[in-house]
Each structure stands twice: as structure tokens, then as C-alpha cells.
Amino acid sequence: MSMDKGKIVVTGATGNVGRPLVEALVAAGTEVVAVSRGGPGQSVSRDRGPSEVDWRVADLAAPESLRPVLDGAGALFLMVAGDLGDRFDPRAVLDVAKAGGVGRVVLLSSQGAGTRPTAVGHAQLRAVEDAVRDSGMAWTVLRPGGFHSNAFMWVESIRTARVAAAPFAGVGLPFVDPADIASVAAAALRDGTHEAQTYVLTGPAPVTPRDRVQAIGEALGEPVRFVPQTREEARAVLLRFMPEPVADGTLAILGEPTDEERSVSPDVARVLGRPPASFADWAARNVAAFR
């Protein structure tokens with residue numbers, strides 16, 4: 001059952017998932033309101049995405065800022081930034097959405113909310129999932145694993161020295177293309193057959209850090225040297241941009257994944273009717289970033 005009325009509001013609209021989601025919805029002829037954070041009085045530049053989109057600034061930590069954005073909307077894509085912390089009250093946001101007429105919400109969560117529900121960050125997402133399921137609106141929860149786009153952390157070193165460093169060189173995880181996450185989200189936002197579903201989203205096969213670096217080199221047409229890191233070396237890098245508990249949790253997934261975290265999920269293929277994109281596919285599409 002396709003959605004036939006109401007605009008769709010996309011939060012986190014300039015991110016790795018939000019941007020291709022906005023593009024997919026516009027391509028399907030959907031009216032889209034794209035939301036990102038900013039200070040009072042700020043506007044969102046139209047060069048961030050399709051000109052057909054109504055770009056707005058609002059903050060999930062201030063639910064009242066969402067009221068004019070959500071008024072008259074039929075569906076909401078909810079992406080919760082990790083730095084919101086205790087400032088974000090999911091039930092207050094969902095109440096504003098419901099009051100504005102929203103009947104469907106699709107939440108971008110994380111596989112870790114299922115595999116490591118008590119870990120820092122994942123516990124918050126689990127609470128948001130509970131709020132979405134209790135909201136009284138139709139809902140779909142998306143639980144992706146690691147993103148192919150995490151490889152952008154190597155951009156500078158590959159550009160300047162054709163080298164990339166990472167820990168756990170031989171540990172493979174089925175990372176997923178953010179564009180596939182966006183495509184699943186677009187389907188769930190527009191089609192009622194995905195209601196009350198929790199989808200685990202992965203790529204088609206586990207890939208190791210060494211595999212990913214090799215795939216980038218193949219896309220570039222020249223070799224990229226892989227440099228193994230120790231756990232402590234990797235931890236020091238992560239601590240530059242994330243809190244200590246989050247860094248340790250990330251290393252636990254990368255280094256000691258559970259059987260479920262290693263497994264390929266069929267959900268992308270079930271929803272989209274095609275296999276998920278491989279890391280090599282993603283690298284070929286994004287090779288310009290590494291030149």
C-alpha cells in the first residue's frame with residue numbers, strides 16, 4: 001500500500017543516509033521536507049540537495065522547533081544524532097509528530113541496539129525504539145550494521161600517501177551501503193507493507209579492513225598499502241572524536257563481533273528485490289573522494 005497523501009519529513013537530511021533518502025523520495029515524486037540542525041535564524045542552503053525540497057532548520061532537542069515542520073506531514077524519518085544525549089526526549093518529539101498528523105515513523109537505529117542493548121549509545125537507541133513502538137503511529141525500525149562510508153576516515157592518508165591503517169585486519173563484518181539504507185527507508189516511508197517491522201541491514205558479505213583497502217586501491221587503479229594497527233593505536237585515534245565508552249564499544253564490535261554481527265541479513269534483498277551493494281560497488285562509486 002503506497003502512501004497517497006502528506007509530505008514526508010526527513011531529519012538528518014544532509015547525512016550519509018539522509019541525503020540519498022531525500023534524493024530517492026524526490027525521484028519517486030514525493031513531497032519532502034528536509035531537516036537539519038542549526039542555530040536560531042539559520043537557513044539550510046538549497047545546494048545541499050534537490051531544489052524541489054523544502055529545506056528547514058530544526059532541532060530534535062527542542063521539540064517545539066519541529067511543530068511547524070511536522071504540521072501536515074504524513075510520515076517522518078527519524079535519525080537521532082549521537083551527540084544529543086540526554087537533551088533528546090523521543091516521546092516529546094513523537095507527540096509533536098502525532099499532533100501534526102504524522103501517521104508513520106521510520107527510525108534509523110543500529111544493529112547494536114539488538115546485539116549490545118546495554119552499551120553506551122545503543123541503550124539510548126533502544127529507548128528511542130521503545131518510544132517509536134509505543135507511539136500509536138505505524139512504525140518501522142531500521143538496524144544497520146557498520147557503514148561502507150566509514151572508509152572516508154582514510155581519505156586523507158590515501159590521498160596523500162596511498163596508505164590506510166586499521167586494527168583487526170582479518171576480522172570481517174558485512175558493512176552496508178548508506179544508499180541501500182536510504183532505499184529501504186524510502187520503501188518503508190511510502191509503503192504500508194513494512195509496518196511493525198524491524199529490519200537488520202547489512203551488505204552482501206563480510207569484508208575485512210584489509211579487503212576494503214584493497215577494494216579502494218582497485219577502484220583507484222593503483223595499490224593502497226594497508227598498515228595494521230594495534231588496538232591501543234586505534235583507540236587513540238577514536239578518542240580524538242568520540243567519548244571513551246563509545247570508542248571502547250566500537251572496538252569491541254570491530255574486534256570481537258558476535259555471531260549475529262558477523263552474519264549477512266536478508267532484509268535489504270527482501271525489501272528492495274535485489275542484492276545489497278558490495279563494498280567494491282561503493283568504492284567504485286565514491287572513488288573521487290580518494291584521488
Selection from region 265-288 of residues of a type in the set (A, V, I, L, M, F, W, C), under 19 Å from the mean Cα position of the chain (by Cα) and over 18 Å from residue 210 (Cα atoms) yields 268, 269, 271, 272, 277
Picking from 231, 210, 240, which residue would you name as being among the charged types (D, E, K, R) and in contact with a strand residue (DSSP E or B) (Cβ under 6 Å, 6 or more places away or on another chain)?
210
If residue 136 satisfies every condition in (1) modelled with pLDDT under 95; (2) at positive phi but one, which is the exception?
(1)
Exactly one condition in (1) within 15 Å of residue 13 (Cβ to Cβ); (2) assigned to a helix (DSSP H, G or I); (3) touching a Lys or Arg at 6+ places or on another chain (Cβ under 8 Å) is not met by residue 114; state its number.
(1)
Quick check on my filter: what residues within region 80-101 are modelled with pLDDT of 95 or more and either in a strand (DSSP E or B) or in contact with a Gly (Cβ under 7 Å, 6 or more places away or on another chain) (or both)?
98, 100, 101
Pairs please, first residue from region 108-119 and closer than 23 Å to residue 76 by Cβ, second anywhere and among the β-branched types (Val, Ile, Thr), Cβ atoms under 6 Å, 6+ apart in sequence or on different chains.
109/141; 111/200
Condition check for residue 143: modelled with pLDDT of 95 or more, surrounded by 15 or more Cβ atoms within 10 Å (Cβ to Cβ) and charged (D, E, K, R)
yes
Quick check on region 240-264: of everything there that is small (Gly, Ala, Ser) and within 19 Å of the chain's Cα centre (by Cα), which residue is modelled with the highest pLDDT?
263
Number of the condition not met by residue 224 [criteria: (1) of a type outside the set (Ser, Thr, Tyr); (2) touching a Gly at 6+ places or on another chain (Cβ under 7 Å); (3) within 30 Å of residue 32 (Cβ to Cβ); (4) surrounded by 21 or more Cβ atoms within 10 Å (Cβ to Cβ)]:
(3)
Given the conditions (1) crowded, with 19+ Cβ neighbours inside 10 Å; (2) within 21 Å of the chain's Cα centre (by Cα); (3) modelled with pLDDT of 90 or more; (4) not hydroxyl-bearing (Ser, Thr, Tyr), report the number of the one that residue 28 does not fulfil.
(1)
Check residue 38 against each of (1) of a type outside the set (Asp, Glu); (2) over 21 Å from residue 131 (Cα atoms); (3) at pLDDT 95 or above and name the one condition it does not meet.
(3)
Within region 128-169, how many residues are under 15 Å from residue 289 (Cβ atoms), within 14 Å of the chain's Cα centre (by Cα) and either in a loop (DSSP other than H, G, I, E, B) or hydroxyl-bearing (Ser, Thr, Tyr) (or both)?
1
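The values are calculated or read from the model by the stated rules, or taken from the named source; none is laboratory data. Just so it is clear, the structure is predicted and the values come from calculations on it, not from any experiment. Counting neighbours? That spans all protein chains shown, and the Cβs are built from the backbone with ideal geometry, glycine included.
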